[in-house]
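Step one of this worksheet: look at the structure below.
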Amino acid sequence: MLRSTFASRVAFAPLCAALPPRRTSLARFCSPAPAAAPSLARPRPWTAAPPKTPSTAPTRSACSATNGAAAVAAGLPKGAQTVIDVYSWAYVNPRCVRFFDRDLCVGVILWFYHRALQREVFRSVARGTGRVLQANSVYGSYIPNLAAHLGPGCRALDVVDVMPIQVESVRRKLKRFPFARAWVDDATVVRADEPYDAVVSYFLHHELPDADKRQATDNLLGNVAPGGRAVFVEYHRMAWWHPLRVVMWAVWALLEPFAAVMQTVDSVRDWASPDVAAKFQWSKRTLFWGMYQVTTARRID
């Protein structure tokens, strides 16, 4: 999911006003799939062993839940509770998903820095990198662009997300890339038997509660193989004179309950446990007068 502050949500208010209530039933997009449809919980097998604890397929009760706690209790990952209860209109409601899942919307949301941020990721994750984990779904063309950048030299591009509707979207985008797969899982707990050469988080942290920010950071770093790297693209502490500072604070106050705290830390590194952070060499690049950060952690132990 595009983990970004929806700076343009104010502009899209008329659309959202016409949409169903926030706690929309999941039954519309999470109903049992036909027998021939692939499970959202388990990707097709690779030569490498699959994760030891694969996710459980969403049950009928999870699909009909109208709040996050009920959905999690019925089988969805725990991160789905936050998405359903707080961001349902953006990431769960099918009409909103169709609306936002285009590059124009992503460009407006990110003040048209989305291409520059993608280039930063591609600069950090080399073409042909063996195994890559993308920790969340992203709206627009970012994920197929990442797959195209990695090319056939990539052994596996794995994409996880807590919401089935987002996984379905990712799978449609990645159909032409045989080395790519996607399934329902949570960045705070996802783990494979074989570590990854690169792990990428793209605007994930600012939409997580603080405890989940810490857990996701440590878990994603724990998925990095020796010599590999993690790349975190996120909001950053803006310069005090930034022309959009007041606008962004207003948007966060109205629409993003977990985002403003990103302005109190220096980088994503601050969310990592000290013993975990010590295993990595860290670097950070900022864009748009400090609004965005691309933080890279290379494993050195």
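The values are calculated or read from the model by the stated rules, or taken from the named source; none is laboratory data. This one's a predicted model, so the numbers in the text were calculated from it and none came from an experiment. Note that we place each Cβ from the backbone using ideal geometry, even for glycine, and neighbour counts take in every protein chain shown.
Contact map, the stretch 131-148: first residue closer than 16 Å to F99 by Cβ and of a type in the set (A, V, I, L, M, F, W, C), second residue part of a loop (DSSP other than H, G, I, E, B) and at pLDDT 95 or above, Cβ cut-off under 8 Å, separation 6 or more or different chains; pairs are V138/F203. When the stretch 147-169 is filtered for residues that are touching a helix residue (DSSP H, G or I) at 6+ places or on another chain (Cβ under 7 Å) and either assigned to a loop (DSSP other than H, G, I, E, B) or closer than 20 Å to V231 by Cα (or both), the ones remaining, listed by number, are H149, L157, V159, D161, V162, M163. Taking the criterion of being surrounded by fewer than 20 Cβ atoms within 10 Å (Cβ to Cβ) and modelled with pLDDT of 95 or more, the residues of the stretch 234-248 that qualify are R237, W241, H242, P243, L244, R245, V246, V247. Pairing each residue of the stretch 245-269 that is at positive phi with any residue that is exposed (fewer than 14 other Cβ atoms within 10 Å of the Cβ) and assigned to a helix (DSSP H, G or I), provided the two are 6+ apart or on different chains, yields no C-beta distance under 8 Å. When you check A180 against the structure, is it touching a Cys at 6+ places or on another chain (Cβ under 9 Å), among the aliphatic types (A, V, I, L, M) and modelled with pLDDT of 95 or more, yes or no? Spelling it out, A180 is indeed touching a Cys at 6+ places or on another chain (Cβ under 9 Å), among the aliphatic types (A, V, I, L, M) and modelled with pLDDT of 95 or more. For the stretch 106-126, the set of residues classified as within 12 Å of Y202 (Cβ to Cβ) and under 16 Å from the mean Cα position of the chain (by Cα) consists of V106, L110, H114, L117, Q118, V121, listed by residue number. Residues in the stretch 105-143 that are of a type in the set (F, W, Y), more than 24 Å from D212 (Cα to Cα) and assigned to a loop (DSSP other than H, G, I, E, B): W111, F112, Y113.
If the requirement is being at pLDDT 95 or above and assigned to a helix (DSSP H, G or I), which of these qualifies: V261, V190, V251, V231?
Values: V190 fails: assigned to a helix (DSSP H, G or I); V251 fails: at pLDDT 95 or above; V231 fails: assigned to a helix (DSSP H, G or I).
Of the residues listed, the single one that is at pLDDT 95 or above and assigned to a helix (DSSP H, G or I) is V261.
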